Structure formats: structure tokens, C-alpha cells
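Throughout, read-outs are computed from the coordinates displayed, never taken from laboratory work. As the structure is a prediction and not an experimental result, all values here were calculated from the model. Neighbour counts are summed over all protein chains in view; Cβ atoms, including those assigned to glycine, are modelled from backbone coordinates with ideal geometry.
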Amino acid sequence: MSAPRGLPDKAAIRKFIINAPGPVGRREIARAFGIKGAERAELRTILRELAEEGVIGRGKGKRYNEAGALPPVAVLRISSVDDNAMLLAEPMRKAEDDTKTDIPLPRIRVNSDRREAASLGVGDRILARLQRKGAGYEASIIRVLPKGPDRVIGVYAEVPGQGARIRPTDRRQKSDYAVEKSQNSSAKQGDLVLADVLIGRRHGLREARVVEVLGGMDDRRAISLIAIHSGDIPDVFPAEAVAQAEAAQPMVMSAASEREDLRHLPLITVDGADARDFDDAIWAAPDDDVKNKGGWQIIVAIADVSHYVTFNSALDREARRRGNSVYFPDRVVPMLPEALSNNLCSLRPGEDRPVLAVTMRLDAKGKRIEHQFHRAMIRSAARVIYEDLQAAHDREPNEQTAPLLESVIEPLYGAWGALMKAREGRQPLDLDLPEMKISLGEDGHVDDVRQRERLDAHRVIEEFMIEANVAAADTLEAQKMPCVYRVHDQPDREKLLGLKDFLSSLGLSFAMGERLRPELFNRILAKARGSDHWEAVNQSILRSQSQARYDPDNIGHFGLSRARYAHFTSPIRRYSDLLVHRALIRGGSFGMDGLRDEEAVHLAETAEHISNTERRAMVAERDANDRYMAAFMTEQTGAEFIARINGVTRAGLFLTLVDTGADGLLPMRYLHNDYYQVDEAQKALIGERSGGRYRLGDSVTVRLVEVNTLTGGLIFELPSMSAETTEGAYGHPRIGKPRKERVKRGSDRKHSKHGKRKGRRRSGA
């Protein structure tokens, strides 16, 4: 239609709406153009046509703005990272609104001036102030929003008479999500799905839209997929990063490379049988310096990842985003594409590989008296697994290790013996924490769960790596180079007071007035060794410790009893190590691919980010293990087990099975006929009438009554009392005084001034 006389044309109205500082209504538009009387009806028609054409958008309160325009303040979701390491975001919209127009979402770049920006990753949500910048927007962070249920992973189910539901796999989410038929993305009964949570409720349930069908719950990949998606762990590499990795070429040793040639030395890699990437190789020999009698020379050579992953490349941006590799029983989510992690950066036997190496000299007591870093080229002599290394040292070599025994393996153990002398002098924290290994069969199901064997071979490698990490930190501090340290603070006083109270209940003293050193805890562990509460003491001391983290400000490493420490030995799987490599390259003038000024100024933010990704990985790995364990225990419902109490709470007792390490809960309602209170000092549940006690570390026989493979939850009861008996006698026992005493106190409190209340008590009061 053509505009009537006196009315502006569509272009003029559209221009006015676009240039307005915010959404405008018909009244503002009419006032601006002097539109009166019957012309207002014509204006309404023009506005409707502009909206139908997708030229303008209509928001709340019958107000108009530019199509796709965003409000001045909005909730955004981080969607990607551009080539300049700038975060990009998208508005959180209702799904149904997105389908009404073909207008693309505007480009939103997140201002990185705020410190919070460095710790953000894809999927995080922010409240931001938006400002027009050209064709897009710039978002200034107001605050980072807690991780909420904007996405959910669960099992799709058709419920007769109620429609479709998504049952979350996260045990913290207690309610289902409703799914419209048009929003189910062809999901079928029992499918594992990823869904967006929509705004609003229907019939009391939040609504969700299925965005991806991940497969069936019986799929062997389902368990790790749940952990990956629940933890927002990136598992698909950008095409550009993959292309860079696949285009990389093996390094060839030449004079121009300025690398030291160590290919003549028989360095070996030592890893677990299931390891796929080998990022460290070691060598040792007696020191031939007559002034260092009984001393040793050792070399720790680490894959030179910085040669392939340069600052702000697509590979670097993705490695930083991931922060670390994540390990599940059935797969690895690597920090780097496999073309690098399992190929060019992996120290494969018999292949030339570039490394950043540290050569160290130790005296007879294991003290490092000299060290030097250098870029080099090595050719690994062998890939040896821990069990074979130990067997060879125990004089049971196999075909592979026999030729290496005298010249390679025995010197490694000799140098380790010296390092252990130095360790004994330092007295690092010596906790005994068993680790369980889940073994999968070819069909992806759990075949076996057993405690990992702790061999001297593991300790050999561990001590070599620790010494190399300390040498890296010492070097960077001496060079005054920016560095991401691995720091571990002393336990805080509040935790120590709780530990002291618990140890006192066991008859163990804890002198708070002493200078706090790991040795103090080791003495307590020595006193408790061999006693019934040995494991409880281990767990309590562990829980009293601070959490290690990454930080450019060095405060030392309390647990290792080291003044300085930096992760250097695993750059294939940890971004922190790659940063340390770059700092060493810059400090030693080893090339142009060292730490850049523009990355050094953001080390604090990067350290916080990779500390968070580390915690994210730990949670995901634990959740996956819990679900694998639950699947393994499914057929053992009704069986009895020996368990140890590893947590005492108002919800009940948290247990760990002695044989398998499976964790579960014995709810309060399944305890004997008594009222139990939590004694925080003794870390125990104590019965009001019987005086019965369940204490941290106690051994107890339990029966498995419920397995939830969806969430990984296990529920136990005491064999002496079934759930029916417990609930029939007391319902769900409360913590506190018996019912009569509590009612009396409540009655006195409520009616002391006004006398007895008249009328019947309302149901449920």
C-alpha cells in the first residue's frame, strides 16, 4: 500500500525506529511525525506491515525496535571465540521466538577489560550491558551468572497421559522437564538427549527443547557423554584447529635448528598400559665427576609442544579454552588434536622428536647441585609400562626390558634412591589414598574394578617429574620471568580446629602452636598406622588441606614441602605446562616462540581459568566413574558389602565399599530405631537413646537396596533392618530430640504469652 497524504513513508518510520535510543510505541512515533486523528489507524497498518516484512521487531508493551535489536541490558550465553581470542556471545531467547524470523542473531563481542572475562568459556552465562558497535554489539560484563540449567542432559520418556518428559541425569536436579512434540527432535523412548531449557513453565514443570539425540542409554558411549555434556567439556575441535594440527610436519634435525642432539642417549618413556600419548622421557647415569662421588646425572625430556602450538593460533586458543585433557574409562577428551597429541608431539620409540629437556646433577643424598634447560632432539629407545619396569628391576625382565636392565633401568632406580633420601629430609605430606581402576570389556561394559597397584616404578617417574618441575620454577624465578606456578597454601585455621577436635576424639594430639609443616601431619599418620581409624585419619587430614591451584604469584607448595613449583612435564595434556615451556624458551633465548608480552599480562586470568578447567575435569571424571560403578553394581542389588564411612551428614552416612571403592549413601531413614544427631567434633552420628555411634572411618556391613544408573547413585541399608521396618516404626527419623520433647518446646515457645491456641491444627503443620 502507499502511505496516505501527511504520513511519512515506511523508510522514514523505519529510520526513526532504528535510530531511537530504545524501543518506541505508536504514541512516540505519532508525536514525532505530527500524526493525528484518523491517520493513527494508517500508522498502525504501516507498523504491522513493517513487522510482517521483518524490517522491525515488536517487543513487550506494543513497542517497536529494529528487527533483531537487543535491550540495553540482557542475559547472554558465551557461544564461541573469534580469531583474536575475543569472546562472542548470543542472547538467551525463547526457542519459539527464534523461529519466527530469518533475521540472524547480531554479533556480540564481550569486552575483555573485566577480570571475569578470562575465566569464561563457551556455555557460561553473563548479565551484560549492550552498546551498538557498527553492525553488532559490544557487551560489558555486569556479573557472571552461576551455572544454571540453561541446558540439561537426560533420558527422553513418553509418559502416558502426561506427554513427553526429560529425566535429568544430574542427581541435583530433582524434577523432570516437559517437552512439546514439536520440540523433541525425533527423540524416542529411552534416548539420551541434550536439551535447551526454555523460559516459563507448563503444568508446574520447566519446558525444554531437544537439540541433540546422543544415543540410547544402553550405548557404551552414553556414560562418558553424560559427563562431557553435563560438565560443559568441549569435545569437538574447531575445523581450523584440526587443519593446523594435520598440516604440521615432523621436525628434522639440522644445524639451523640450534638444538642439542641427544639421540645417542637411551632415553625411555614409562607410562601405563593404556596410555596413548607419551610426553616425557628419562635417562640416568652415575656422575663421572670425581668431586661428586655417589652422585647422579639425570635427564628429563619433555615433548616440545610450543614448537607446534604457537601463541594465539587456532590450536592455542582451543588448548587454552579446554585447559587440560579429560580422562574417562572409555575415552580421552584431549587438549590437542590427535595429529599432535598422539603423533608429532608424542615421544614414540625409534622416532626423532623435538623436546625441551632439563639436565640435572644430584649429589649422593639426592640434592640437586646443578641443572640446565635446553632444546634438543631425542629418539626414545623404548616405551616401557610400569609393570614391566618394576619386573625388570625385580630381576624378572622380559624380552623388551632385558637389554635395558643394566644400562638404563638400574641407573634410573639408583638415581631414584638418591632422590628419596632428599625427599625424606623434606618430609612432604605422605597420605595413603588408594585409587580404583575401572576396566572395560570390548562391549564397553565394566569387566572389573580393582585398586590400582602402587609400584616403586610409579614412584621413580613421580620423583623425576617433581624434580624437573622444581627446576623449572627455580630457573624462571632466577630469570625473573613471568610464570604460572603450581601453588598449594597451608590449611586454614578453621579446618585445622575441626581436625584437632576429631583427632582428640581418637586419642591423637595435634599441636596447633607448632610451626605448620607437612611433617606434623606425617607424625599423626605414623601414630595412626595399623589402627582401626587409619583410613579415617587419612581422609580427615586430606580434607583439612587447601586445594592446589595455578597462580603467577608464588606462595610455595605446602604439600610437597617446596618453596617453588611449576608444572612443566605434561604440555600435551595441561595448558599450564605449555605456558611454562614458553616462559623457559623466552628466558633461555631458545627461539621466537616463547612467552609473549600480550600473554604475560593476562597470566593471572589464565591461571584462574585453567584452575577452573582442572576442577571441571575432576568433577566430570568422578561423575563418569560413579555411573560406571553403578552400572557394575546393578546386578548386585540385595548383596551385602563391607563399607567404610567417609562422610557423616544430616542426610545420613556416605560410604565407600572396601572391595570396589564404590560410593553411596545410607540415608538417615534406614538407620536403627533411634534419633541421631551429628557430632561435628567427633564426625559421628550419635543415637539419642541408645548412644549408638557411627563415626568417620568406621567399618560397617551394609546391603545394597537401590542402584540408579542414570545418576550414578547407590543407596544402602543396614542388613539388620529393612526399609519397611524402619519406616513402619518411625517414618523418616529426624535429627534431634524425641518427638514429645520437641513438641513440648515448640508449644511453650509459641503459647507462653497467649495461652493455648483454639481450633484444629492445620494439616501438614
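For region 521-537, backbone nitrogen atoms closer than 19 Å to the point 7 Å from residue 501 Cα along Cα-to-C-beta are found at 536-537. At R0 = 35 Å, how high is the FRET efficiency between residue 40 and residue 132 if r is their beta carbon distance? Nearest 0.05 is fine. Working from the Cβ atoms, E equals 0.75. Per-residue Karplus couplings for region 698-710, computed as 6.51 cos²θ - 1.76 cosθ + 1.60 with θ equal to phi - 60°, are listed in order as 5, 8, 8, 8, 10, 10, 7, 10, 8, 10, 10, 5, 5 Hz, Gly and Pro entered as x. Take each peptide in 220-227, 241-248, count the other Cβ atoms within 10 Å of every residue, and average; sorted highest first, the result is 220-227, 241-248. Placing dummy labels 7 Å off each Cα toward the beta-carbon, the span from residue 494 to residue 312 is 4.2 nm.
Under the shape rule built on the C-alpha gyration tensor, where the axes satisfy a ≥ b ≥ c, region 493-545 is prolate, since a/c reaches at least 1.5 and a/b is greater than b/c. Projecting the Cα atoms of 604, 715, 572 onto the charge dipole of the chain, computed from C-beta unit charges around the Cα centre, puts 715 farthest toward the positive end. Once backbone amide H atoms are built at 1.01 Å from N, residue 206 has 178 as its partners under 5 Å, excluding neighbours fewer than 5 places away on the same chain. In terms of the mean number of neighbouring beta-carbon atoms within 10 Å, the peptides 549-555, 157-163, 206-212 order highest first as 206-212, 549-555, 157-163. Within a straight-line Cα-Cα reach of under 19 Å, residue 527 can be paired with the following aspartates and glutamates, leaving aside sequence neighbours fewer than 8 residues apart in one chain: 424, 430, 432, 501, 514, 519, 535, 698.
Using a cutoff of 8 angstrom between alpha carbon atoms and counting only pairs six or more residues apart, the relative contact order for the chain works out to 9 percent. 3J(HN,Hα) along region 253-259, derived from phi through the Karplus expression 6.51 cos²θ - 1.76 cosθ + 1.60 where θ = phi - 60°, amounts to 5, 7, 5, 5, 6, 6, 10 Hz, with x in place of Gly and Pro. Counting only Cβ charges, +1 for Lys and Arg and -1 for Asp and Glu, the dipole size of the chain around its Cα centre is about 6140 debye. Length gained on full extension, residue 264 to residue 406, computed as 0.36 nm times the residue gap minus the Cα-Cα distance: 49.4 nm.
The order of the peptides 341-349, 418-426 by mean Cβ neighbours within 10 Å, most packed first, is 341-349, 418-426.
What is region 356-415 by shape, rounded, prolate or oblate, if you read a ≥ b ≥ c off the alpha carbon gyration tensor as root eigenvalues and call it rounded for a/c under 1.5, prolate for a/b larger than b/c, and oblate otherwise? Verdict is oblate for region 356-415. Between amide H atoms placed 1.01 Å from N, distances below 5 Å from residue 440 occur with 447, all of them 5 or more places distant or on a separate chain. Placing unit charges on each Cβ (+1 for Lys and Arg, -1 for Asp and Glu) gives region 151-219 a dipole about its Cα centre, and among 189, 154, 178 the Cα reaching farthest toward its positive end belongs to 178. Taking 0.36 nm per residue of separation and subtracting the current Cα-Cα distance, fully stretching the chain between residue 218 and residue 186 would add 9.7 nm. Using 0.36 nm per residue and subtracting the Cα-Cα separation, the extra length available between residue 9 and residue 529 on full extension is 178.3 nm. Using the Cβ-Cβ distance between residue 439 and residue 547 with R0 set to 35 Å, the FRET efficiency works out to roughly 0.75.
For the chain, what does the helix formula give at 222 nm: sum of -39500 (n - 2.57) over DSSP H segments with n ≥ 4, over the residue count, nearest 500 deg cm²/dmol?
Details: 18 runs with 215 residues, N = 765.
For the chain, the value works out to -8500 deg cm²/dmol.
Which shape class, rounded, prolate or oblate, goes with region 151-219 when its Cα gyration tensor gives a ≥ b ≥ c as root eigenvalues, a/c under 1.5 marks rounded, and past that a/b bigger than b/c marks prolate? Rounded shape, in that the Cα axes give a/c under 1.5. 3J(HN,Hα) couplings calculated from phi for region 315-332 with the Karplus curve 6.51 cos²θ - 1.76 cosθ + 1.60 (θ = phi - 60°) are, in sequence order, 5, 5, 4, 6, 4, 5, 4, 6, x, 6, 7, 10, 10, 10, x, 10, 6, 10 Hz; Gly and Pro show x. Put a dot 7 Å past the Cα of residue 369, heading toward its Cβ, do the same for residue 634, and the two dots end up 6.2 nm apart. What's the center-to-center distance, using Cα atoms, between region 654-669 and region 287-353 in Å? Answer, in whole Å: 38. In summary, the chain shows an alpha-carbon radius of gyration equal to 1.16 times the 2.2 N^0.38 Å reference for compact globular proteins. Roughly how many nanometres apart are two label points built 7 Å out from the Cα toward the Cβ at residue 479 and residue 455? It is 3.5 nm. Once backbone amide H atoms are built at 1.01 Å from N, residue 662 has 657 as its partners under 5 Å, excluding neighbours fewer than 5 places away on the same chain. Counting beta carbons within 10 Å around each of 577, 659 and listing the fewest first gives the order 659, 577.
Applying 1/(1 + (r/R0)^6) with R0 = 25 Å to the Cβ-Cβ distance of residue 432 and residue 391, what FRET efficiency is obtained, to the nearest 0.05?
It comes to 0.60.
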